[in-house]
1. Just check the stretch 7-64 against the gyration tensor rule for me: Cα atoms, a ≥ b ≥ c as the square roots of the eigenvalues, rounded for a/c under 1.5, and otherwise prolate or oblate depending on whether a/b exceeds b/c.
2. Only loop residues by DSSP count here, and only those with at most 13 other Cβ atoms within 10 Å; note down the trypsin sites (Lys or Arg not before Pro) in the stretch 190-224 that meet that.
3. How big is the charge dipole of the stretch 143-232 about its Cα centre, in debye rounded to the nearest 20, if each Lys and Arg gets +1 on its Cβ and each Asp and Glu gets -1 on its Cβ?
4. Treating only the Cβ of Lys, Arg, Asp and Glu as charged (+1, +1, -1, -1), what charge dipole size does the stretch 1-144 show about its Cα centre? Round to the nearest 20 debye.
5. Neighbour counts of other C-beta atoms within 10 Å: give me Phe65, Phe188, Phe71 arranged from fewest to most.
6. Placing +1 at every Lys and Arg Cβ and -1 at every Asp and Glu Cβ, with all other atoms neutral, what dipole size does the stretch 78-155 have around its Cα centre, in debye to the nearest 20?
7. Based on DSSP, what percent of beta bridges with both residues in the chain are antiparallel, to the nearest 5?
8. Using the Kirkwood formula on the Cα atoms of the stretch 29-108, what hydrodynamic radius do you get, in angstrom to one decimal?
Amino acid sequence: MDAGELTGWRRPDRGVLFVITGPSGVGKSTLIKRARQVIPDLGFSVSATTRAPRAGEVDGIDYHFLENDRFEELVGQGAFLEHARVYDRWYGTLRAPVEESLAAGRSIVLDIDVAGHRQVRESGMPAVHILLLPPDLITLENRLRRRGTDSEETIARRMDQVAGQLEAVAEFDHLVVNDNLRTAHKVFQGVLLGALTRTAHRGGLVRTVRGWLAARKESLEGTAEGEGSDAP
């Protein structure tokens, strides 16, 4: 179904920021959830918001809860990778906690819309941008309808939004089509693992391999010297 258990997996020196975008009904949550179960050290960032905490929510774990003035101050300081206003409340992804996670070798998934994807690009933060696609628009519309949660008017509005999102298709680093779920899991996890195994994130492993070679060279030189001293 997917990459399976990653026995012997080595954490990269630096994690990767994955920006995942896709229309409602494309299967983002399903693909991300399974990838996080399979790939170690792959987590979500904790978003900041100006809405009030709900019962049971903990500051710093569920959200970073901020006052409007403080949120807007941080926006002015460039502290957010992306932010947006939703129903009179601000939401955003703070740069510093993401940087901290990446520096520790932990990778981060951002599940955001096209506008957020563009803001992350503009922020200069290195990231792998992935767009999840349906096999076609008719299939996507049918998936939304089968949910049974939206009116026909809402579905029509969502499909108009999808058309706007898909105009950005060429802006992404990777495109993953969710037609067959088994295949989509493999392809999606393959993209993530491909990024995580790039040499740029594996400086420690590069140094380890060079250490192997240096030790081998030293051993061979020592053997050659020993054989030379034994000559009559």
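No value in this document is a laboratory result; all are computed from the given coordinates. All of these numbers come straight from a predicted model, not from anything done at the bench. Neighbour counts run over all protein chains shown; Cβ positions are idealised from the backbone, glycine included.
1. The shape class here is oblate.
2. The qualifying sites are Arg198.
3. Approximately 520 debye in magnitude.
4. Dipole of the stretch 1-144, to the nearest 20 debye: 360 debye.
5. Phe65, Phe71, Phe188
6. It works out to roughly 160 debye.
7. Close to 30 percent.
8. 13.8
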